[in-house]
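Just below is one structure, and these are the notes that go with it.
The values are calculated or read from the model by the stated rules, or taken from the named source; none is laboratory data. Predicted, not measured: the structure shown is a model, and the values here were computed from it. So basically every Cβ, Gly included, is an ideal-geometry build from the backbone, and we count neighbours across all protein chains shown.
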């Protein structure tokens, strides 16, 4: 089941609504970057089971969101990109650099704790833990799939 909650609201009169679609709330560095780029913001986090991109559109409309930051499978992001043109919102992608990979949870936590405002970790079924560091946001312009014969 999906849940929505307001996770951040900056000062100022005019606020830009951002819908954050992820299991994890935004990092402090991500919030600060959104404020630098957009001005005063209200960030709502949509988490839980997201069945399709159209489901997200309902929340974008309800909240009157101008931006969305999806952390979803590429196929859903591609569909969201198509819908953005029809529904007049902008898709932003958080550029996260993989700075380390380990199987040691203590090592992973230590690396995150060195810069907790901009680092997070992701655990995988194979036992690997990847540590990611936020770099910037990119505006999604187009997703293109190009193939060639094998």
Taking the stretch 119-150, which residues are assigned to a strand (DSSP E or B) and either farther than 18 Å from residue 94 by Cα or more than 21 Å from the chain's Cα centre (by Cα) (or both)?
123, 129
Taking into account only those residues within the stretch 5-34 that are in a loop (DSSP other than H, G, I, E, B) and without any contact (Cβ under 8 Å) to a residue 40 or more places away in the chain, which is nearest to residue 132 (Cα to Cα)?
25
Restricting to the stretch 40-56, count the residues that are out of contact with any strand residue (DSSP E or B) (no Cβ under 6 Å at 6 or more places or on another chain) and more than 21 Å from residue 84 (Cα to Cα).
1
In the stretch 89-107, is there at least one residue being surrounded by fewer than 17 Cβ atoms within 10 Å (Cβ to Cβ), within 17 Å of residue 19 (Cβ to Cβ), out of contact with any strand residue (DSSP E or B) (no Cβ under 7 Å at 6 or more places or on another chain) and modelled with pLDDT of 95 or more?
no
Please report, ordered by residue number, the helices (runs of 4 or more DSSP H) entirely within the stretch 35-118 with at least 2 residues that are free of Cβ contacts under 8 Å to residues at least 24 places away in the same chain and more than 25 Å from residue 135 (Cβ to Cβ).
53-63, 74-87
Taking the condition outside the structural domain of residue 47 (by TED's automatic domain parsing) and exposed (fewer than 10 other Cβ atoms within 10 Å of the Cβ), does residue 116 pass?
no
Scope the stretch 137-147; condition modelled with pLDDT of 95 or more and loosely packed, with under 14 Cβ neighbours inside 10 Å; matching residues:
138, 139
Odd one out for residue 102, checked against (1) outside the structural domain of residue 23 (by TED's automatic domain parsing); (2) out of contact with any helix residue (DSSP H, G or I) (no Cβ under 6 Å at 6 or more places or on another chain):
(2)
